[in-house]
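Contents: one structure, followed by commentary.
The values are calculated or read from the model by the stated rules, or taken from the named source; none is laboratory data. Here the structure is a predicted model, which means the values were calculated and not measured. Here the Cβ positions follow ideal geometry from the backbone for every residue, glycine too, while neighbour counts run over all protein chains shown. These area figures cover heavy atoms from the full protein model, side chains too; ligands, DNA and RNA do not enter into them. Shrake-Rupley method; radii C 1.70, N 1.55, O 1.52, S 1.80 Å.
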Amino acid sequence: MMCPEGSLTHTHVSTMDRECVSLLPRVCEVLADSGRSLPDDTSLEKLLDWFTGLNAAGRSLLEACPCLLEFISTVVSDTASDPGVLAFTLKLTGLMAATEDGFRTLQERSVLDLVFSLQRWQEAGLWEDPSLRIGWIQGLKNLLQHPEALSFFVQSDFVEPLLKLQTDTSLFVASAANQLLAHTLLFFQPVSSAGCNGVDKKDEDKRTQTSNADLGHPVFTMDTITGYTAVIREVSEYLKESLDPKENTRLHQRMQILKLLALLLAKAGPPLRDRLLQTVGDSLDSLVTAGCSQLTLPLMDVILAAYSSGTDEHSPDRRVTCLLSSMLTTIKPSELIHAAAAFLRGGRHETVHTARAVRALLLPLDIITGQTLLGTNATDKRRGAMVEQLKSKTSCIAMICVCLTNTPQIALMPPDVLPCPPHLIVTAVLSLLRICSGVSSSAGCREACRNIISSGKVQKCALEALMALSCSSGAKEKIADVFAVLIQYLDNPDSDPTVLHKSYQALVEWTSVCTDLSFITDQLRQDLVDVVKKRVCDMRWEVRDSTVEFLGHLADVPVFPKSAAEVCDASEASLGSCCTTPLLKEALRDSESYVRASAISALARTLAGSWQQGAALSQDEAEIVSRLLEILSQDTEGFPRRAVVRYFIAWFSLRSSRSPPSSSTSLLMQCVRTVLSQGSADLDWEVKVHTLELAELLLDEAFSGQRGYRKGSDTHQAPSHPYGVVSDQVHTLHTHTGRHTEGVESDLAGTLNELVEQGVISALLCGLVDCDRPVGLKACRLLVSLRETVCPLLLRAQDAAVAPAARVTCELPGWGWGLEIRKILGMKKSDGAGDAEDHGVPKEAGNGVTVGVCEVLTSLGLDERLDVLTQSSDHVHNSPLSLLQDILTASAAHTRPDTQPGQEVIVDCY
């Protein structure tokens, strides 16, 4: 989509407008010639987008683009015009008539009657084309923005054909007609002393004004809108007749009409809502009684739209409440389940209906599992019908999945709504999982139980429900049972990869809600260790991947096994300290790249605690680091290499800054140099971006608290906000001169030199000239941040040539990115920008060259480069001018006699 016109500067708008207006007559000529070519199928829609933007900015299309009036007359007068161009013309006409001035001008020239003449398009045989019907509908919708347009709409008798289009054979046409009718009735809702159905103003005025204001248009009154009551009457009667079960209306037509009614009731003010309900109430009642299962959800949408539109001042209509009660007490099980679920989704709960919906949704679980979810004395009259329905495998699985999806929400309901304690719902879900796996029989309906055995769909729904139930009241009492069932699922050879993945997720979720894992017996722990060891060697890579992911997520969960002073992670508490790391080390050599990447991520989580505590380097960790560097330099897949860089980012971020230097810290800093060097030369752009994130961490640490330093990501958007809190020392250094400044610059030079040695500067310069825009953008922002931190002191120094920071250098290699940087610096020199040395032009040093860091930072044109990188190519190509030029270019290519098929000019139309 092109940028909104109002978002451009005034000068830019004026310049662009002049160029566009000068091209528009030629473009109109091309469009009016049905034999001419367009750049692509969406050109007309994009052109309409531009006109819509002009209209929204308050500019008159007739004044800004006077040639459009002649274009419209030319196109609609020629019935041989292309249907797509005709549809575009109808939409454009409606857009031009959206203002009262434009409407009157078009009316005076008899354009509107010609363009929207239904009879004319039918006689010309063009009405059969769906694109023309769409254009007619959307043109009217564009037009219907003021009272005069509504009068034209009513006087032209457009309501009846629009009602017929509600059930058009084209779903796109039917949907557009649906939207237009809704727009007409809602947009022109009046505020008057008496509502459209005679409701007194005192009872509806406030609500209607609010509704109109929300719709974003001025309030209309009955005195200024003629014909609105007639429109309501005609639409209401149509809805009433079409919804009557006695009428011979097709199912899909009824569904479309219910969709329209739901849309109207959800947004209508009291007068319109009450009038609609008064008219269609009997038909809705008959539909509910008829019990057409395919209309259950559309009917519930209508009922809930009306039910939820009540406020404190306007409670739901009594008729609507009765309809809702009927839907929630029907004896047809499949309808009942879907209706109850729809009611809970509606979000407006009150005790009576919510309790009915809850009981309906728990009934299938009660029947299948034999758990007393509805109470010991439950004598539900629907139970027999539900049992029969559950004996059908298809119905059984569908209904059980709907029930499971809603159990987490049900378990959080207040006690006056729930027929059982929440922990019994958890018990029922666990029973269902046991039945599905075939390891347990049930006290419930045996025929229904057989339908869900080995059903992966039910298993997945049940595991998702179990995850969500972990935070329900009383759930912790069931945690030992939950673990036992989940371990059994993980051990089951028949479990498919998705079920295993969800079992792992549920284990982590339930572990995270426990303050301790004292419930885990030695036997349970051994069972879990055995199953994890088995699954990490599974033949299916998806299972191995889920297993190593599980080990990492488990390590993220803190637990307190004995006391708050003995914090460990859940992995250590549930699997033991000697299990996780060896398994993950082995997974680093997995044949599947996804598994290797997941293992690296899991290791980072597992070792996070030791990094934070500043623990000494272990033999395992040294071996892991060696393997990770090998993956970064040799792995042929991008996923593991990305994970390696993120591993070192996590290590650098989490290491304890309070601990004294150690073998672990020393190894990390050695690795950082290697990662920056290899990562910045990687072929995968995401690896390079992650490498720059590591470089950013080094910059942040080096200049933490330095006045004026900002994170690279903040450099362009918010230059006035410093990154960190300024310490007193830094403030003092910047408010004095002389020796103090010399001391600061000496420290700064040392820091800058360290960054050079670590490879940070090389990584940033390499990224700056990278062909991938995200890499270049991030590198440029970081370099700008570095320049603004380092260079101001250099510029203030009395003798910049001998200042310590000025003597900090780095080497540009004689190949690749080094040559690109040298070209940029050479261009600066050739442009006569001044002395070469002052602008960082390199001095030869073997194959590479040595350059001053500060001079390079001020000579690369970073601000201009950042502006270019920040803009996407859309700022050039996604413009009205580009679109108009594309249309003319395509047309010229089409008319050239020497153009061969397949040799058409390819244009860059956005």
Subject >> Yes/no for T581 being open to solvent by less than 60 Å² (accessible area, probe 1.4 Å), among the β-branched types (V, I, T), more than 17 Å from I487 (Cα to Cα) and at pLDDT 85 or above >> reply: yes
Subject >> Tabulated pairs, region 427-456, first without any contact (Cβ under 8 Å) to a residue 12 or more places away in the chain, second open to solvent by 10 Å² or more (accessible area, probe 1.4 Å) and polar (S, T, N, Q), C-beta under 9 angstrom, 6+ apart or interchain >> reply: S440/S431
Original post:
Just checking, how many residues over region 161-214 are modelled with pLDDT under 50 and of a type outside the set (V, I, T)?
Top reply: 20
Subject >> Complete set of residues in region 771-792 that are in a helix (DSSP H, G or I) and either modelled with pLDDT under 60 or open to solvent by 10 Å² or more (accessible area, probe 1.4 Å) (or both) >> reply: R773, P774, L777, K778, R781, R787, E788, P792
Original post:
In this structure, does G705 turn out to be outside any helix (DSSP H, G or I), at pLDDT below 85 and open to solvent by less than 50 Å² (accessible area, probe 1.4 Å)?
Top reply: yes
**OP:** Report whether or not S503 is surrounded by 16 or more Cβ atoms within 10 Å (Cβ to Cβ) and under 30 Å from G384 (Cβ atoms).
**Re:** no
Original post:
Does region 456-465 contain any residue that is touching a Pro at 6+ places or on another chain (Cβ under 8 Å) and either of a type in the set (K, R) or not in a loop (DSSP other than H, G, I, E, B) (or both)?
Top reply: yes
Subject >> Test: residue in region 245-265 that is free of Cβ contacts under 8 Å to residues at least 12 places away in the same chain and closer than 25 Å to V352 by Cβ >> reply: no
Original post:
If you scan region 11-30, which residues turn out to be closer than 14 Å to Q885 by Cβ, open to solvent by 40 Å² or more (accessible area, probe 1.4 Å) and at pLDDT below 85?
Top reply: E19, V21
Subject >> All positions within region 31-48 that are surrounded by fewer than 19 Cβ atoms within 10 Å (Cβ to Cβ) and at pLDDT 85 or above >> reply: E45, L48
Original post:
Out of region 341-362, which residues are free of Cβ contacts under 8 Å to residues at least 24 places away in the same chain and in contact with a helix residue (DSSP H, G or I) (Cβ under 7 Å, 6 or more places away or on another chain)?
Top reply: none
**OP:** Among the numbered conditions (1) open to solvent by 40 Å² or more (accessible area, probe 1.4 Å); (2) outside any helix (DSSP H, G or I); (3) among the acidic types (D, E), tell me where D538 comes up short.
**Re:** (1)
**OP:** Give the number of residues within region 240-254 that are in contact with a Leu (Cβ under 7 Å, 6 or more places away or on another chain) and surrounded by fewer than 22 Cβ atoms within 10 Å (Cβ to Cβ).
**Re:** 1
Original post:
Quick one: L336 ticks every box in (1) part of a helix (DSSP H, G or I); (2) open to solvent by less than 20 Å² (accessible area, probe 1.4 Å); (3) under 23 Å from S470 (Cβ atoms); (4) not charged (D, E, K, R) bar one, so which box is it?
Top reply: (3)
